[in-house]
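To keep things clear, I will list the structure first and then write my remarks on it.
The values are calculated or read from the model by the stated rules, or taken from the named source; none is laboratory data. Note that the structure is predicted; figures quoted are calculated from it, not measured. Backbone-built Cβ (ideal geometry, glycine too); neighbour counts: all protein chains shown. Areas reflect the complete protein model, heavy atoms only, side chains present, ligands, DNA and RNA absent. Shrake-Rupley method; radii C 1.70, N 1.55, O 1.52, S 1.80 Å.
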Amino acid sequence: MTTANLVTILRILLIPIFMVAASCGLSYGDTIALAIFIVASVTDGVDGYIARHYNQVSTLGIFLDPLADKLLVVAAIMIFVQRGVMSTGAAMLILAREFIITSLRIVAMGEGIVVAAKFAGKLKTVIQIIVISLLFTPLAGATLLGPVTLGDVAIWIMVAITLISGAAYFKNTGKLFAKKEN
């Protein structure tokens with residue numbers, strides 16, 4: 001087991017703790033949840049750095065790293081839907097993108113095609129981390145226009161960036177499959 005994979009596994013193990021903190025009902029639960037979310041999010045960069053810098057890139061890591069990212073984001077989205085902070089429509093758009101792209105990556109791996117993360121995917125991840133972090137703070141409730149809050153606008157920006165990055169992955173993966181068949 002590589003150090004990079006251990007860091008990824010740590011991120012996965014933090015997810016239930018994050019969910020308990022966010023759902024415990026304590027006045028400081030969101031603060032703890034936010035801290036755990038940030039630590040888990042930072043480990044995403046740490047495991048990637050370790051894997052590349054120390055030549056620890058592995059098939060397990062290639063599989064676990066995006067899975068850990070998706071599980072963390074899905075956990076946060078479930079919490080926000082349960083709280084009524086995020087609509088089920090917004091959640092479904094994000095989750096559909098994640099399932100579709102993950103499925104495409106798995107099919108590509110089966111064909112011997114590695115679909116590396118592109119700028120759009122990295123931007124999507126950064127935006128998701130920022131928006132999810134924002135939603136755990138009182139700033140999310142700041143009114144911008146009528147009933148529209150900063151959190152509402154941030155969620156729809158996250159949805160838009162998520163869908164745009166999904167379209168970019170879909171387009172690039174289609175090109176890879178076309179090249180493979182020729």
Segment 47-70, subset buried (at least 17 other Cβ atoms within 10 Å of the Cβ), hydrophobic (A, V, I, L, M, F, W, C) and free of Cβ contacts under 8 Å to residues at least 60 places away in the same chain, residue nearest to Phe99 (Cα to Cα): Leu64
So which residues in segment 96-139 are crowded, with 20+ Cβ neighbours inside 10 Å, among the aliphatic types (A, V, I, L, M) and within 19 Å of Ala75 (Cα to Cα)? Ile101, Ile129, Val131, Ile132, Leu135
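Against the condition modelled with pLDDT under 95, within 22 Å of Ser165 (Cα to Cα) and aliphatic (A, V, I, L, M), how does Leu104 come out, does it pass? Can you show your working first?
On the way: modelled with pLDDT under 95: yes; within 22 Å of Ser165 (Cα to Cα): yes; aliphatic (A, V, I, L, M): yes.
In short, yes.
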Of everything in segment 82-95, what is in a helix (DSSP H, G or I), under 17 Å from Ser133 (Cβ atoms) and open to solvent by 10 Å² or more (accessible area, probe 1.4 Å)? Give them in sequence order. Arg83
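Among residues belonging to segment 71-81 that are aliphatic (A, V, I, L, M) and over 14 Å from Ile12 (Cα atoms), point out the one that is most open to solvent (accessible area, probe 1.4 Å). Spell out how you get there, then give the answer.
At the first step, the residues of segment 71-81 found to be aliphatic (A, V, I, L, M) are 71-79, 81.
Of the ones still in play, those that are also over 14 Å from Ile12 (Cα atoms) are 77-79, 81.
Values: Ile77: 2, Met78: 108, Ile79: 5, Val81: 46 Å².
Once the filter is applied, the top-ranked residue is Met78.
Given the condition of a type in the set (Ser, Thr, Tyr), more than 18 Å from Ser87 (Cα to Cα) and open to solvent by less than 40 Å² (accessible area, probe 1.4 Å), answer yes or no: does some residue in segment 144-166 qualify?
Keep residues of segment 144-166 that are of a type in the set (Ser, Thr, Tyr), which gives 149, 162, 165.
Okay, now just the ones that are also more than 18 Å from Ser87 (Cα to Cα), so 165.
Next, only the ones that are open to solvent by less than 40 Å² (accessible area, probe 1.4 Å) stay: 165.
Looking through segment 144-166, at least one residue is of a type in the set (Ser, Thr, Tyr), more than 18 Å from Ser87 (Cα to Cα) and open to solvent by less than 40 Å² (accessible area, probe 1.4 Å).
Being over 22 Å from Val159 (Cα atoms) and of a type outside the set (Val, Ile, Thr) narrows it down to one residue among Ala90, Ala21; which is it? I'd like the intermediate steps shown before the answer.
On the way: Ala90 fails: over 22 Å from Val159 (Cα atoms).
When all the criteria are applied, what remains is Ala21.
Look through Ala68, Ala33 and report the one residue that is modelled with pLDDT of 95 or more and in a helix (DSSP H, G or I). Spell out how you get there, then give the answer.
Numbers: Ala68 fails: modelled with pLDDT of 95 or more.
Sole residue among the options that is modelled with pLDDT of 95 or more and in a helix (DSSP H, G or I): Ala33.
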Among the residues of segment 1-21, which ones are over 17 Å from the mean Cα position of the chain (by Cα), open to solvent by less than 50 Å² (accessible area, probe 1.4 Å) and of a type in the set (A, V, I, L, M)? Ala4, Ala21
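Please work out which residue is farthest from Phe99 (Cα to Cα), limiting yourself to segment 27-46 and to residues that are open to solvent by less than 30 Å² (accessible area, probe 1.4 Å) and small (Gly, Ala, Ser).
Start the filter on segment 27-46 by keeping residues that are open to solvent by less than 30 Å² (accessible area, probe 1.4 Å), which leaves 29, 33, 36-37, 40-41, 43.
Next, only the ones that are small (Gly, Ala, Ser) stay: 29, 33, 40-41.
Values: Gly29: 29, Ala33: 25, Ala40: 21, Ser41: 20 Å.
Top of the filtered list is Gly29.
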